[in-house]
Amino acid sequence: MTSALMSCEELHNLISGSDTDLVILDATFALPNTPVDPDLFYQNKRIGNAQYFNVDEVADKTSPLPHMLPTAEYFAECVGAMGISNQTKVIIYGQSDIAMGPARAWWMFRAFGHEDVFVLNGSLQDWEYNKGFSVQTSCPLPSESKKYNASLNPACVVSMDEVAEISLQNLAPILDARPQERFDGKMPEPRAGLKSGHIPNSCCLPAGFLIDPQTGGLRPVSELRELFEEGHLKGAPPPVMTCGSGVTACLLGLTFHELGREDFRIYDGSWSEWGASELPIEAL
């Protein structure tokens, strides 16, 4: 299985080349009520002529839930406007790590049938300060729109009703990427109106455990493998990945991919949907 990760050195070499149909995306996402504006930061500093992939905008605007998957038609319209065709190599990075946005964008491209998509195994900070590569600080240049065709693979996503049945019958692993305190119900959710706790029969695997703090990329595969039960990696039914709103759940999915399994499913509504419902919850 081909790795979905790309090193800073590999991306630097691609940028230096002239023949690659390449688009770089900054897909940084920030939680609600945090004093961070990823779009503003992008306007001031980016890798190459990166386009900004706004997880909140490339989304289903008709849903009351945050950044749910859009229709295939709307996804195609959005990424086509970023200069991406079905033949484009797409590289996605985050300003500080790959958990908050880049893994989500990678999963979205995969869910809509785009195979030639990678995540920078680091961050903008790693690129600039650790590796010493140059960044762009002038105004970002617009891309020439391209034709894009998308088709959703329904096997990539799972609904609340399906998760409820999986939870009730304990049919497959349910892995939650939220911090332990939120999983345990000891910390309020960042979105108002949500209960605290977790889906019954789910396990907590905080996304932060998977990140190398020095680079913002994934920890080495040998270390990652130790964080998952062996049964999750071999033999278990396709696992369900969940989190607060479907963003860091995709980091669990990306990690599973790197460990050799592509059959994971993302619960797109995640706790934003479950925690607002009347479905059962567990808390410590």
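Between helix 160-169 and the chain there is an angle of about 50 degrees, using the helix long axis and the longest principal axis of the Cα atoms. Phi angles across segment 93-107 convert, under the Karplus curve 6.51 cos²θ - 1.76 cosθ + 1.60 with θ = phi - 60°, into 3J(HN,Hα) values of 9, x, 5, 10, 6, 9, 6, 8, x, x, 5, 4, 4, 4, 4 Hz, Gly and Pro given as x. Can you give the percent of C-alpha pairs in segment 5-153 whose distance is more than 20 Å? Here the tail beyond 20 Å accounts for 44 percent of pairs.
Once the Cα atoms are used to define both axes, helix 72-81 deviates from the longest principal axis of the chain by about 30 degrees. Of the beta bridges in the chain, as assigned by DSSP with both residues counted there, near 10 percent are antiparallel. The lysines whose alpha-carbon is closer than 25 Å to the alpha-carbon of Lys61, local same-chain residues fewer than 8 away aside, are Lys146, Lys147, Lys195. In order along segment 241-254, the phi-based Karplus estimate (6.51 cos²θ - 1.76 cosθ + 1.60, θ = phi - 60°) of 3J(HN,Hα) comes to 9, 9, 6, x, 8, x, 8, 6, 4, 6, 5, 4, x, 4 Hz; Gly and Pro are listed as x. For Ile92, the amide hydrogen comes within under 5 Å of the amide hydrogens of Leu25, Phe118, Val119, Leu120, counting only partners 5 or more places away or on other chains and with H modelled in the peptide plane. When the charge dipole of the chain is built from unit charges on Cβ atoms (+1 for Lys and Arg, -1 for Asp and Glu) and taken about the Cα centre, the candidate among Ala4, Ser270, Gly122 whose Cα reaches farthest toward its positive end is Gly122.
For Val157, the amide hydrogen comes within under 5 Å of the amide hydrogens of Ile266, counting only partners 5 or more places away or on other chains and with H modelled in the peptide plane.
Restricting to DSSP loop positions (anything but H, G, I, E, B) with no more than 14 other Cβ atoms inside 10 Å of their own Cβ, which GluC sites (Glu not before Pro) remain in segment 41-93? Before the final figure, lay out the partial values.
Working: sites: Glu57, Glu73, Glu77; in loops: Glu57.
Here the GluC sites (Glu not before Pro) that fit, given the DSSP loop and packing criteria, are Glu57.
Antiparallel DSSP bridges in segment 5-153: what percent, to the nearest 5?
Roughly 10 percent of the beta bridges in segment 5-153 run antiparallel, per DSSP.
Values quoted throughout were computed directly from the atomic coordinates according to the rules given, and no laboratory measurement underlies them. No experiment lies behind these values; they were computed from the predicted model shown. Ideal geometry is used to build each Cβ from the backbone, glycine not excepted, and the neighbour counts take in all protein chains shown.
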